[in-house]
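The values are calculated or read from the model by the stated rules, or taken from the named source; none is laboratory data. Note that the structure is predicted; figures quoted are calculated from it, not measured. Ideal geometry is used to build each Cβ from the backbone, glycine not excepted, and the neighbour counts take in all protein chains shown.
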Amino acid sequence: MPTISGTAFFILVGSSFGLLLGSAVALWLYVPFGWIVLSSYVVWAVFLDQAPYNGRGRIFLFLRFNWLWQFAKGYFAHTLRQESELDPSQKHLFVAHPHGVIALGTWLVFVRPLTRIAKHLRQSDGGGDSIYFLRKNPNLQLSTATVGLNFLLPFWRDLLLALGFVDASYASLKAVLAQNRSVCLLVGGSQEALEAHPNTNRLVLDKRRGFIKLALETGAKVVPVYTFGETNMYTQMANPPGSWLRSIQDALVKSLTIATPILTSGPLPKSTPLLTVVGPALDFPHISAPSPGDIAKYHATYKVALQALFDKHKHDYYTPDELKSADLVIFA
């Protein structure tokens with residue numbers, strides 16, 4: 001039953017992108033004066049609507065707290081561990097790794113209902129999913145960041161906003177934290193998605209230091225998050241650096257900020273176990289104008305903490321044979 005229901009969940013979610021964009025095309029072509037309506041909507045969405053950038057977003061609770069998410073949980077046997085308590089009076093910058101092809105570990109933990117409805121949950125709803133994270137952190141107000149291109153796509157942008165997504169630009173993230181809200185960021189981004197091959201843990205992190213600057217400027221606590229198994233859900237065509245395929249993919253990432261992995265395992269993710277670990281919050285100083293030296297120092301501190309988090313929990317996910325090659329590789 002979990003496999004059947006999980007498959008239905010991913011067909012529904014995966015098809016929503018095409019259905020929403022298809023609706024926009026149909027509105028333009030087949031509805032009388034539909035082009036006027038759609039043109040007006042696009043102008044409003046692109047130039048007037050500030051929801052993706054103002055730090056508040058536009059959340060629709062029904063979509064974030066929905067029985068459909070339970071199907072995905074069963075499909076992946078998803079487990080969540082949180083190492084320490086989070087201070088609800090503080091803002092947190094959750095830094096999630098790895099991106100994988102679709103960042104499902106992040107979806108299952110952080111794309112969730114607003115915490116103010118936690119009091120309505122039954123005690124029997126506990127376990128290793130986002131409801132568990134919700135109950136353990138009942139006062140945490142949280143958004144999740146995604147690339148800005150998503151907010152230029154008609155209707156799809158509105159679905160993402162309803163689910164709690166905001167623009168991943170520096171200004172947008174700073175606006176979220178300025179309101180004492182928390183945000184989850186996948187720092188590896190589209191480039192890291194191209195590194196998502198089974199049984200690998202390759203992170204694009206060495207030169208990704210903007211999140212450290214953001215944390216120092218805003219006084220946000222930095223929380224490392226790692227999902228074991230994220231890269232096992234899909235198999236993509238081999239694309240080593242320097243290959244013709246990787247050259248094209250890198251060019252698309254640079255120009256459009258989107259990853260284009262060529263999947264050889266089919267459109268549905270493999271039903272593989274996932275273990276998401278939320279580490280302890282790192283308390284960096286509040287520095288309004290951090291120097292490059294400050295940023296480098298605390299970036300190094302973060303990498304040490306992330307490595308320690310990975311090493312502590314890898315034995316609970318990998319078999320003894322898998323552990324021989326289960327190394328965390330940080331580069332770029």
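The residue that is farthest from T235 (Cα to Cα), counting only those in region 256-290 that are out of contact with any helix residue (DSSP H, G or I) (no Cβ under 9 Å at 6 or more places or on another chain) and surrounded by fewer than 16 Cβ atoms within 10 Å (Cβ to Cβ), is D283. Among the residues here, L80 does not qualify as over 15 Å from V183 (Cβ atoms), at pLDDT 60 or above, touching a His at 6+ places or on another chain (Cβ under 6 Å) and crowded, with 16+ Cβ neighbours inside 10 Å.
When each of V13, V46, V37 is tested for being in contact with a Leu (Cβ under 9 Å, 6 or more places away or on another chain), on the phi < 0 side of the Ramachandran plot and modelled with pLDDT under 80, the lone residue that passes is V13. Before we move on, is N66 in a loop (DSSP other than H, G, I, E, B) and at pLDDT 90 or above? So N66 fails the test.
Within region 29-54, if we keep just the residues that are outside any helix (DSSP H, G or I) and in contact (Cβ under 8 Å) with a residue 60 or more places away in the chain, the residue that is surrounded by the fewest Cβ atoms within 10 Å (Cβ to Cβ) turns out to be N54.
Taking N150, is it surrounded by fewer than 23 Cβ atoms within 10 Å (Cβ to Cβ) and free of Cβ contacts under 8 Å to residues at least 24 places away in the same chain? The answer is yes for N150. Of a type in the set (K, R) and modelled with pLDDT under 95: does that describe K221? No, not satisfied.
Yes/no matrix, rows are residues, columns are (1) modelled with pLDDT under 60; (2) of a type in the set (F, W, Y):
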site	(1), (2)
H97	no, no
I102	no, no
W107	no, yes
R116	yes, no
R122	yes, no
I131	yes, no
K136	no, no
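Just checking, does region 266-279 include any residue being within 20 Å of the chain's Cα centre (by Cα) and of a type in the set (G, A, S)? Yes, region 266-279 contains a residue that is within 20 Å of the chain's Cα centre (by Cα) and of a type in the set (G, A, S). Just one residue in the set K221, K254 is basic (K, R) and in contact with a Leu (Cβ under 9 Å, 6 or more places away or on another chain); that residue is K221. Here P267 fulfils each of the conditions (1) touching a Phe, Trp or Tyr at 6+ places or on another chain (Cβ under 6 Å); (2) assigned to a loop (DSSP other than H, G, I, E, B); (3) of a type outside the set (F, W, Y) apart from (1). Check whether at least one residue in region 307-319 is farther than 26 Å from V223 by Cβ and either touching an Asp or Glu at 6+ places or on another chain (Cβ under 6 Å) or without any contact (Cβ under 8 Å) to a residue 24 or more places away in the chain (or both), and report yes or no. Yes, region 307-319 has at least one match. Exactly one residue among A238, A289 is closer than 13 Å to A196 by Cβ, among the aliphatic types (A, V, I, L, M) and more than 19 Å from the chain's Cα centre (by Cα), and that residue is A238.
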